[in-house]
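Student: Below are the structure tokens for one structure; questions will follow.
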Amino acid sequence: MELQNTVKEALNALYHHPDDGVRLQADRWLQDFQRTLDAWQVADNLLHDATSNLETLIFCSQTLRSKNLLRKFHKGPPKVRTQVLSRMASG
């Protein structure tokens with residue numbers, strides 16, 4: 001849950017903070033986060049969280065898209081891969 005909140009805070013900083021340096025730092029953190037294994041579960045959770053705003057939904061969709069469709073699907077945690085595939089099939 002803490003990581004989910006950190007993602008939301010970073011996205012808020014990226015899109016709404018007046019300081020360019022803060023926005024740049026948030027962007028770098030989010031890009032690094034997208035490369036982690038934790039990004040699978042966090043992105044999936046945030047996509048199904050009723051409190052996620054549009055920016056969060058887009059970021060999480062892009063994160064899973066890059067992991068699923070490009071080249072990393074086979075590297076993700078099996079449980080999360082199954083959940084994502086199931087939700088994609090029913091959605």
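The values are calculated or read from the model by the stated rules, or taken from the named source; none is laboratory data. What you are looking at is a predicted structure, and each value in this text was computed from that prediction instead of being measured. Neighbour counts are summed over all protein chains in view; Cβ atoms, including those assigned to glycine, are modelled from backbone coordinates with ideal geometry.
Student: If only one of Thr63, Thr51, Thr56 is among the polar types (S, T, N, Q), surrounded by fewer than 16 Cβ atoms within 10 Å (Cβ to Cβ) and at pLDDT 70 or above, which one is it?
Tutor: The match here is Thr51.
Student: Next question. Would you please name the residue that is farthest from Lys67 (Cα to Cα), looking only at residues in segment 47-56 that are touching a helix residue (DSSP H, G or I) at 6+ places or on another chain (Cβ under 7 Å) and assigned to a helix (DSSP H, G or I)?
Tutor: Glu55
Student: In segment 6-46, which residues are over 15 Å from Ser66 (Cβ atoms) and touching a Leu at 6+ places or on another chain (Cβ under 6 Å)?
Tutor: Of everything in segment 6-46, those that are over 15 Å from Ser66 (Cβ atoms) and touching a Leu at 6+ places or on another chain (Cβ under 6 Å) turn out to be Ala10, Arg23, Ala26, Asp27.
Student: Next question. From the list Gln25, Gln41, Gln31, which residue is assigned to a helix (DSSP H, G or I), modelled with pLDDT of 95 or more and closer than 16 Å to Ser61 by Cα?
Tutor: Gln31
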